[in-house]
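First up is the structure itself, then whatever we jot down about it.
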Amino acid sequence: MNELSDVMEQSLEALVERAGDPAPIVYARLFARYPEMEALFIRDLDGAVRGEMLTKAIECALDLAGPNTYAANFIRCEVVNHEGVGVPSDVFPRFYEVAVDTFAELLGVDWTPAYEAAWRGIVARVAALA
Ligand code: HEM
């Protein structure tokens with residue numbers, strides 16, 4: 001891990017301490033901004049897929065900020081896989097924008113400029129990969 005991923009891990013620890021599992025709020029935000037995406041989760045009856053997806057997206061962000069051993073390739077593949085389930089390639093990277101906006105809102109004044117810079121950098125990098 002490096003300084004960037006350390007900062008992101010710190011932000012996630014602070015987030016979970018403050019708000020617990022952010023997944024329900026992240027998806028509520030996502031569906032408020034992209035209502036047509038909610039129906040795609042029709043098979044996800046207990047939220048397990050949504051939980052797994054947020055976890056994978058965060059793991060990818062940490063790898064991308066660090067050694068990038070798999071994240072860039074994984075994201076490129078998932079863009080194609082998601083087009084197959086109805087997620088347009090220009091909407092796919094917005095998941096990170098929504099997640100980071102939600103993290104910032106949940107942490108409020110404790111969302112530091114370092115957190116903001118680190119996570120917005122990831123949003124831009126994923127948008128460039130999609
Ligand atoms: C707005 C953006 C996105 C939407 C609407 C979306 C939607 C979905 C949907 C509907 C599924 C379930 C498909 C099924 O039932 O087979 C899914 C699965 C998944 N998504 Fe996304 N996705 C988005 C962005 C992302 C991002 C950014 C990542 C990671 C980098 C990601 C990773 C995954 C993974 C790993 C799964 C499989 C989870 C599992 O099966 O447990 N998704 N996504």
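Tabulated data for the structure shown
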{"read-out": "The one condition in (1) open to solvent by less than 70 Å² (accessible area, probe 1.4 Å); (2) under 23 Å from LEU129 (Cα atoms); (3) not polar (S, T, N, Q) that ARG76 fails to fulfil", "value": "(1)"}
{"read-out": "Matching residues in region 1-44 - criterion: being within 15 Å of the ligand (Cβ to nearest atom) and hydroxyl-bearing (Ser, Thr, Tyr)", "value": "TYR27, TYR34"}
{"read-out": "The lone exception for LEU40 - which of (1) surrounded by 13 or more Cβ atoms within 10 Å (Cβ to Cβ); (2) under 12 Å from the mean Cα position of the chain (by Cα) it fails", "value": "(2)"}
{"read-out": "Residue satisfying condition, being in contact with a helix residue (DSSP H, G or I) (Cβ under 6 Å, 6 or more places away or on another chain) and over 21 Å from GLU3 (Cβ atoms), within set LEU45, LEU40, LEU64, LEU106", "value": "LEU106"}
{"read-out": "Sole residue being closer than 30 Å to ARG18 by Cα and either at pLDDT below 95 or open to solvent by less than 70 Å² (accessible area, probe 1.4 Å) (or both), chosen from VAL109, VAL91", "value": "VAL91"}
{"read-out": "Pairs, first near the ligand (Cβ under 8 Å from one of its atoms) in region 45-56, second among the basic types (Lys, Arg), C-beta under 9 Å, six or more apart", "value": "VAL49/ARG43"}
{"read-out": "Residue, farthest from SER11 (Cα to Cα), within region 85-100, restricted to residues that are more than 6 Å from the ligand (Cβ to nearest atom) and over 10 Å from the mean Cα position of the chain (by Cα)", "value": "GLY86"}
{"read-out": "Residue count, region 1-44 (criterion: in contact (Cβ under 8 Å) with a residue 24 or more places away in the chain, under 17 Å from ARG94 (Cα atoms) and of a type in the set (A, V, I, L, M, F, W, C))", "value": "6"}
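The values are calculated or read from the model by the stated rules, or taken from the named source; none is laboratory data. Here the structure is a predicted model, which is why all the values come from computation and not from measurement. Note: ideal-geometry Cβ built from the backbone for every residue, glycine included; neighbour counts use all protein chains shown. Note: areas computed on protein heavy atoms with side chains; ligands, DNA, RNA excluded. Shrake-Rupley method; radii C 1.70, N 1.55, O 1.52, S 1.80 Å.
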